1. Report, by residue number, each residue of segment A:28-58 that is assigned to a loop (DSSP other than H, G, I, E, B), buried (at least 21 other Cβ atoms within 10 Å of the Cβ) and without any contact (Cβ under 8 Å) to a residue 40 or more places away in the chain.
2. Out of all the residues in segment A:87-122, which are more than 25 Å from B:LEU294 (Cα to Cα), within 12 Å of another protein chain (Cβ to nearest Cβ) and of a type in the set (D, E, K, R)?
3. Does B:ALA407 satisfy being crowded, with 17+ Cβ neighbours inside 10 Å, at pLDDT 90 or above and more than 14 Å from every other protein chain (Cβ to nearest Cβ)?
4. Before we move on, is B:PHE340 under 19 Å from B:ILE459 (Cβ atoms), more than 14 Å from every other protein chain (Cβ to nearest Cβ), exposed (fewer than 15 other Cβ atoms within 10 Å of the Cβ) and at pLDDT 80 or above?
5. Please indicate, with yes or no, whether at least one residue in segment B:146-159 is hydrophobic (A, V, I, L, M, F, W, C), part of a helix (DSSP H, G or I) and within 20 Å of B:VAL88 (Cβ to Cβ).
6. Can you find, within segment A:123-137, the residue that is farthest from the other protein chains (Cβ to nearest Cβ) among those that are among the charged types (D, E, K, R) and part of a helix (DSSP H, G or I)?
7. So, in segment B:60-96, of the ones that are surrounded by fewer than 20 Cβ atoms within 10 Å (Cβ to Cβ) and of a type in the set (Gly, Ala, Ser), which residue ends up farthest from the chain's Cα centre (by Cα)?
8. For segment A:164-225, please list each of the strands (runs of 3 or more DSSP E) lying entirely inside it that holds at least 2 residues being at pLDDT below 90.
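The values are calculated or read from the model by the stated rules, or taken from the named source; none is laboratory data. All values reported here derive from a predicted model rather than from experimental measurement. Cβ: placed from backbone, ideal geometry, glycine included. Neighbour counts: every protein chain shown.
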Amino acid sequence: MIKLQELTKIFGKFTAVDNISLEIPSGQFFGFLGPNGAGKTTTIKMMTGLYESTSGNVFLNGSNIKKNPLEVKRQIGYIPDQPYLYEKLTGREYLYFCAGLFKMPKSTLEGKIKEIIKLFEIEPWVDKRAENYSQGMAQRLIIAAALLHGPPIIIIDEPMVGLDPRSASIVKKVLKEKCEKGATVFMSTHILQVAEELCDRIAIINNGRIIFDYSHDELQSFKHKYDGKLENLFLELTE
Amino acid sequence: MLQLIYILFYKLKSNLKLTVELTPQGLVKNIGSVFLYVLFVVGTFYFTRATLQYLLNEIHLGLFLLHRFLSMVLFVFFLTVNLGNIIVSYSTLYRSNEVLFLFTKPVSFANIFIIKFFDNFFYSSTTLFLIGMAVIAGYGSYFQMPVSFYFIVLFLVFIPFLLISASLAVLLLFGLMKLASRTGIVTVVVGLIVGYISSIYAYFKIVNPYRLIDEVLQYYPNIDFYFDKFDPVFLKYLPNHWASDFLYWTIRGESTNSLFNLYLLVMVSVITFMLLVVVANKYYRKSWIVSIELKFSRKNKIVRSWNIFQKKIFRNQQLDVLYKKELLQFTREPGQWLHFVILILFMAIFAVSMTQLEIKSAQPFLQSVIYTVIYLFTAFLIASMAIRFVYPIISMEANNFWKVKSAPVSIFLIFWTKLFFVLLPILIIGVLLSLFSHWQFRHEYYLMVVTLVSMLCIIFTLVSVNISGGSFFSTFNEKNPIRIASTQGASLIFLLSLIYLVIIVGAVYVTTFQHFQQSNLLAAEILAGHTISSAVFIGIFSLLICATALILGIKSLKRDY
């Protein structure tokens with residue numbers, strides 16, 4: 001379960017995230033939409049411990065990230081918006097490296113790595129150095145690495161960037177399956193179609209504030225007022 | 001031409017904007033830089049004057065020998081700038097995203113090249129220019145030269161001298177790229193290292209300073225004359241010789257000879273630069289493609305033989321993977337290990353030459369001066385190593401740091417792993433270097449104790465200051481370690497390190513001086529007392545700096561990423 005409580009982030013005089021509160025139960029696929037600079041990535045960075053909030057709290061499965069950062073981070077699988085990798089490591093070495101950061105038991109490690117390599121179809125190039133990867137290849141490896149330790153909470157910032165249709169399909173399928181097995185997915189995206197297709201609930205953030213937060217079914221009824229298009233609803237709300 | 005000025009104007013504008021950021025780090029960086037640069041420039045000015053005073057009035061070296069030694073120093077300086085430019089130019093000319101951007105625009109290759117060349121030339125030489133100006137000021141003030149002298153030396157001697165070195169470096173780089181496309185990068189790198197070391201060895205073998213001193217001193221007290229009959233013929237073709245001869249003839253007031261050397265320097269620098277632009281216009285684009293081909297031929301291969309992560313080195317799993325990651329990043333980046341090997345080779349040459357130096361028969365004062373100079377140079381080498389390899393280690397995480405920072409790893413572990421990774425090799429190298437460079441003093445028990453204790457303190461402090469400085473000034477925008485080590489923050493940390501070294505060397509000098517002056521007169525207990533008090537001062541002072549730096553470094557690493 002994810003709980004954001006009156007979360008605020010101020011950079012100098014600029015308020016990037018303004019007092020937002022959200023509660024996302026386990027097993028829910030949550031879509032976080034918003035225009036550029038609305039505060040999506042800042043919110044995600046506070047949830048993953050990359051930024052410290054100016055005020056308010058983030059609770060993941062009951063633990064406060066300010067008080068127990070390591071315990072909270074252990075439960076997260078985070079996929080950022082840009083697929084940056086250590087260029088000098090091979091894909092396989094990167095997977096072992098990430099497993100070590102999460103202290104995964106050595107007995108099951110090899111099997112899990114083989115499994116995830118097969119799942120994301122990265123075998124042909126997993127032993128090449130990351131400096132030779134295309135953006136899509138790097139993105140697939142990062143998603144694989146994020147899911148390696150079986151996190152109960154998956155936080156994704158723009159998952160489909162750079163992915164070809166086949167890879168995008170694999171990622172969508174895997175995320176949906178994880179959600180069905182009880183994982184909570186918090187996904188930020190610009191692609192409204194993806195949000196509509198995958199999410200149980202969608203929120204829109206604009207100028208650092210949540211301006212829309214409804215379930216998939218409620219969203220369908222709203223859409224009728226805007227020619228049945230989520231795009232029109234989004235444009236109107238974020239104008 | 002207009003296009004070139006237009007692009008350079010925007011680059012200048014963007015650089016000026018970056019230097020006046022109003023963040024706490026930016027303010028510390030800017031105010032601290034100004035303060036330290038002023039302090040450093042003033043210190044260099046007085047140091048130059050004092051050195052000249054000592055060499056000319058105390059040990060009566062004479063004008064000719066003074067300028068021949070200056071020529072030797074300038075030769076080493078020329079090669080250092082040359083090698084530095086080859087390494088930095090490789091990354092600015094072939095690895096920069098700005099080049100990729102400009103290649104897609106209607107800008108000629110010659111213009112792109114000139115932009116990147118001057119970018120490189122001025123970016124990596126700011127501190128060099130400042131030191132150069134301070135030395136010129138100290139030199140001119142000692143000889144009471146008119147104001148015009150300073151401008152002439154700066155613009156018509158110093159800058160052309162650096163320009164020749166940098167232009168030759170890039171011409172050589174083009175040649176090396178062509179060669180690398182045929183023989184492979186490893187052969188070229190090995191050839192380059194052997195070439196530089198051989199040049200230094202051959203130069204000093206032919207010039208032979210000991211022989212020169214003996215020959216010139218036979219004419220004492222008339223040692224200010226121009227004894228060019230003792231100069232090897234090849235010396236007349238070197239820019240360092242022209243620069244030192246210009247100064248010699250200017251001091252002697254013989255303007256015809258000094259103008260001839262000035263003419264040589266300016267003309268050769270202009271011709272070399274023009275030749276470089278012509279070659280670059282034809283070959284830059286081709287060599288850029290060669291660099292891409294080399295990159296892919298070298299890296300685009302499967303590495304499945306042995307996975308270092310499968311075998312544990314440390315019990316702590318997180319420490320284990322973090323340490324191995326650092327190790328792989330270092331050993332797989334040629335720019336890193338290559339620079340490291342070159343530095344080690346220079347250190348080895350220095351240490352071996354010091355073991356052969358015989359000063360037992362010298363006066364106590366001279367002994368203590370030589371001891372302190374060797375000590376200072378050893379410490380300076382460690383400081384150079386620290387700024388080059390320790391300072392950038394946190395910023396080098398660049399855009400990849402998100403993985404470690406969002407993982408359940410404590411900031412302390414990240415910091416200590418990096419510290420441990422760089423401390424261990426520098427500790428071993430530093431101790432060996434100080435032992436061998438002071439080998440001739442091995443029977444002076446008390447001195448060796450002070451040397452080793454203070455050198456250990458210096459290594460711990462410099463590593464702590466550099467890693468913490470790197471953490472405090474980390475930007476994560478630049479991943480090239482050479483460029484990170486040339487930033488404003490790095491220069492500030494380097495100057496701070498030098499100030500720390502001056503204080504420590506001062507304490508060591510006091511002990512050394514007492515030792516050589518009075519070792520025959522004082523009892524062993526009194527000498528031991530001096531040694532202990534000196535070691536305690538160095539220990540406490542270093543500990544305070546170390547602790548402050550580490551606290552600041554860890555705190556800085558906790559900042560938002």
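1. Listed by number, the list holds a single entry, A:GLY49.
2. Of everything in segment A:87-122, those that are more than 25 Å from B:LEU294 (Cα to Cα), within 12 Å of another protein chain (Cβ to nearest Cβ) and of a type in the set (D, E, K, R) turn out to be A:LYS103, A:LYS106, A:GLU110.
3. Details: crowded, with 17+ Cβ neighbours inside 10 Å: yes; at pLDDT 90 or above: yes; more than 14 Å from every other protein chain (Cβ to nearest Cβ): no.
The answer is no for B:ALA407.
4. Values: under 19 Å from B:ILE459 (Cβ atoms): yes; more than 14 Å from every other protein chain (Cβ to nearest Cβ): yes; exposed (fewer than 15 other Cβ atoms within 10 Å of the Cβ): no; at pLDDT 80 or above: yes.
No, not satisfied.
5. Restricting attention to segment B:146-159, the residues satisfying the condition of being hydrophobic (A, V, I, L, M, F, W, C) are B:147, B:149, B:151-159.
Right, trim to part of a helix (DSSP H, G or I) and you get B:147, B:149, B:151-159.
Imposing the further condition that a residue be within 20 Å of B:VAL88 (Cβ to Cβ) reduces the set to B:158-159.
Among the residues of segment B:146-159, at least one is hydrophobic (A, V, I, L, M, F, W, C), part of a helix (DSSP H, G or I) and within 20 Å of B:VAL88 (Cβ to Cβ), which makes the answer yes.
6. Step one: filter segment A:123-137 for residues among the charged types (D, E, K, R), giving A:123, A:127-129, A:131.
Now narrow it down to the ones that are part of a helix (DSSP H, G or I): A:123, A:131.
On the way: A:GLU123: 11, A:GLU131: 6 Å.
Applying the filter and picking the extreme gives A:GLU123.
7. Only one residue tops the list, namely B:SER96.
8. Details: elements: A:184-188, A:201-206, A:209-215.
In segment A:164-225, A:209-215 are the strands (runs of 3 or more DSSP E) which contain 2 or more residues that are at pLDDT below 90.
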